[in-house]
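A.B. asks: Can you read through this structure? Questions will come right after.
The values are calculated or read from the model by the stated rules, or taken from the named source; none is laboratory data. What you are looking at is a predicted structure, and each value in this text was computed from that prediction instead of being measured. All Cβ positions, glycine included, derive from the backbone under ideal geometry; neighbour counts span all protein chains shown. Only protein heavy atoms, including side chains, enter the accessible area calculation; ligands, DNA and RNA are left aside. Shrake-Rupley method; radii C 1.70, N 1.55, O 1.52, S 1.80 Å.
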Amino acid sequence: MKSIRIRSLPAACFIVFATVFAVVLTSCWNEGPGTGAVDQTVDTVDMITTPGGTPVVELRAITMGRPPASGMDNFYKQLDALTIRDLGATIRFDYIPWGDEMNQISKAIASKEYDLYVGGAWSDFTTFALKNAFADLAPLLGQVPDLVDHYKGSLDSVMINGGLYGIPQYNKPGGGGEGMLYREDLRKAWGLSEIKDLDTAEQYLYRAKEEYPETPMINDKRFADNIWTLTAGSKYIELVKGYAVVSVEDPYTAVSIYDTPEYKQVLQRARKWYEDGIVSRDILAAQGNATSETLEWMKADEKPLEFNNHFGAVSSGYIGVLKELHPDYEYGWFDYFLDHTPAYLPFMAPDSTTMISVGAHSEHVELALKLIEKAHTDRTYYNLLMYGVEGENYKLDGGLVSYEGIKAENKKPGWTGLHDGYMSLPEKYPDDGRPSVRIYKRKASSGLKLTA
């Protein structure tokens, strides 16, 4: 096997990375929008012993988003029945709304009140792991053989210095990554070309700014990540997000992202967008994840697009809400990865995925890990933890998840970090003949037409 040659990476790059990329480029959404402090939802457990008389352990966990308006009583009733039977334990979740996630998760970790945490690059997961905030799960994997078999060896890729400090969400090969949700009906009315690359996306941004002059079209720090993907995603493979890459043509030579000619192009375009008012003047002071602010603007018809989000969040957190408020609007989805980056198998790494971790201080590390195993390998557990109570938070229609007849406020955000491409059920979208509810299939070199 060839060895990787490392070109000189100036020490100044570390300063630039800390001051620019950490501030502007990297942060992430995962289960849905919202703002505010931790939403406390811990309930008193009625059953304090198992049928055999053993005291029931109560695990506490955090997850992202907001709880549904209804269904939580039945959710815990059904979940308790499973976990008491199988684990002699219960679990209660506290919800952290999106918008101040890094600060709130930091406080939750510092409090040591929880057994299970969620995090990723968007919450500085690696830093906390290196400070021993989370338990090393590697020595305990022998107790969860079904989980190990399920991941087929891929858990090795998220280890840090030989330790496993969380179980990652499990992505399946395929599309549906980061992208832009936009008003397709407006694109047609404005006579713009179909959005299929960075230039056509830029045309839409500028026209949208003309029509919505009081609203910044981009208010999320991650926008430069996506400019990089569309500019250079087909030419490089990232080794360390926002720092080191290898060329597709020379995969054995690692280089600094700052030494690539494409990086200069990204900075030039980002600066132009900022100077022209496409990017918010307050972008450096913005929260790491601005999806909640954008959704509120879209609900009020004060903004026609979301530039920074991923397909799962848009599908679960935007479409149902927008359909109720604007039934005649038609939306398009431009995926930044489909047709723009080489098609490789998903690679999990601590700086590129979302993890569920167990606190190093927890008195029930093994039990918490066994719960994660059940969540990833048992269909009943997975459906309940990801979708909620059938009939209240979602419906099943021929093996498809359906939200037909479910109010948007009653849709339950899944346990952050639990997403599993091998367990998730496809979603059924309604089609009542209106433009806003039709789903169009993707054509080669074009975007997905996704409508409410």
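A.B. asks: Please list 370-379, 353-362, 231-240 highest first by mean number of surrounding beta-carbon atoms within 10 Å per residue.
C.D. replies: On the way: 370-379: 20.0, 353-362: 22.8, 231-240: 17.1.
So the order, starting with the most tightly packed, is 353-362, 370-379, 231-240.
A.B. asks: To continue, here is another question. Enumerate the whole-percent occupancy of each 10 Å bin, from 0 to the last occupied one, for all C-alpha pair distances of region 156-201.
C.D. replies: Spelled out per bin, shortest first, that is 19, 28, 20, 17, 13, 3.
A.B. asks: Could you put Asp225, Asp149 in order of accessible surface area, largest first, with the 1.4 Å probe and the full protein assembly present?
C.D. replies: Numbers: Asp225 25, Asp149 105 Å².
Output order, biggest surface exposure first: Asp149, Asp225.
A.B. asks: Go through Trp122, Met217, Tyr204 and say which Cα lies farthest out towards the positive end of the charge dipole of region 101-223; charges sit on Cβ, +1 for Lys and Arg, -1 for Asp and Glu.
C.D. replies: Trp122
A.B. asks: Once you have the alpha carbon radius of gyration of region 249-338, what is it after dividing by 2.2 N^0.38 Å, with N set to its residue count?
C.D. replies: Working: Rg = 17.1 Å, N = 90, 2.2 N^0.38 = 12.2 Å.
That works out to 1.41 for region 249-338.
A.B. asks: If you don't mind, another one. Determine ³J(HN,Hα), in whole Hz, for all residues of region 315-326 in sequence, where each value follows from phi through the Karplus function 6.51 cos²θ - 1.76 cosθ + 1.60 and θ = phi - 60°; x replaces Gly and Pro.
C.D. replies: 4, 8, x, 10, 4, x, 5, 5, 5, 5, 7, 9
A.B. asks: Applying a 10 Å radius around every beta-carbon, put 253-264, 86-97 in order of their mean neighbour count, most first.
C.D. replies: Numbers: 253-264: 16.8, 86-97: 20.2.
Highest-to-lowest ranking by the protection proxy: 86-97, 253-264.
A.B. asks: Shifting gears a bit: Hey, which of these cross-link pairs are over 25 Å Cα-Cα: Lys299/Lys428; Lys107/Lys407; Lys172/Lys374?
C.D. replies: On the way: Lys299/Lys428 23 Å; Lys107/Lys407 32 Å; Lys172/Lys374 19 Å.
Those over the limit are Lys107/Lys407.
A.B. asks: Is region 251-293 rounded, prolate or oblate when judged by the Cα gyration tensor, a ≥ b ≥ c being the square roots of its eigenvalues, rounded requiring a/c under 1.5 and prolate requiring a/b larger than b/c? Please report the intermediate quantities before stating the final value.
C.D. replies: Working: a/c = 3.69, a/b = 1.79, b/c = 2.06.
Oblate, since a/c reaches 1.5 and b/c is not below a/b.
A.B. asks: Which FRET efficiency value, to the nearest 0.05, do you get for Thr54 and Leu267 by plugging their Cβ-Cβ distance into 1/(1 + (r/R0)^6) with R0 = 41 Å? The partial results should precede the final answer.
C.D. replies: Working: r = 60 Å, r/R0 = 1.47.
That pair, Thr54 with Leu267, gives E of 0.10.
A.B. asks: Also, I was wondering about something else. Could you pull out the pairs from Lys209/Lys264; Lys272/Lys303; Lys209/Lys303; Lys221/Lys241; Lys188/Lys303 whose alpha carbons sit more than 18 Å apart here? Write down the numbers at each step before the final one.
C.D. replies: Values: Lys209/Lys264 25 Å; Lys272/Lys303 20 Å; Lys209/Lys303 9 Å; Lys221/Lys241 15 Å; Lys188/Lys303 16 Å.
The answer is Lys209/Lys264; Lys272/Lys303.
A.B. asks: How high is the FRET efficiency between Trp190 and Gln143 when r is their beta carbon distance and R₀ equals 60 Å, given to the nearest 0.05?
C.D. replies: Numbers: r = 58 Å, r/R0 = 0.97.
Step by step, r from the Cβ atoms, then E = 0.55.
A.B. asks: How big is the charge dipole of region 204-282 about its Cα centre, in debye rounded to the nearest 20, if each Lys and Arg gets +1 on its Cβ and each Asp and Glu gets -1 on its Cβ? If you can, show how the numbers build up before the last one.
C.D. replies: Details: 11 positive and 13 negative charges, 16 e Å.
Computed about the Cα centre, the dipole is about 80 debye.
A.B. asks: Let me ask another. Leaving ligands, DNA and RNA out of it, rank Arg222, Arg271 by accessible area with a 1.4 Å probe, largest first. Could the numbers behind the result be given before it?
C.D. replies: Working: Arg222 5, Arg271 155 Å².
Result of the area sort, largest leading: Arg271, Arg222.
A.B. asks: Could you calculate the FRET efficiency of Asp86 with Tyr422 from 1/(1 + (r/R0)^6), where r is the beta carbon distance between them and R0 is 30 Å, rounded to 0.05?
C.D. replies: That pair, Asp86 with Tyr422, gives E of 0.90.
A.B. asks: Would you mind checking which residues have amide H under 5 Å from Thr90's amide H? H placed 1.01 Å from N; only 5 or more apart, or other chain.
C.D. replies: Val57, Glu58, Leu59
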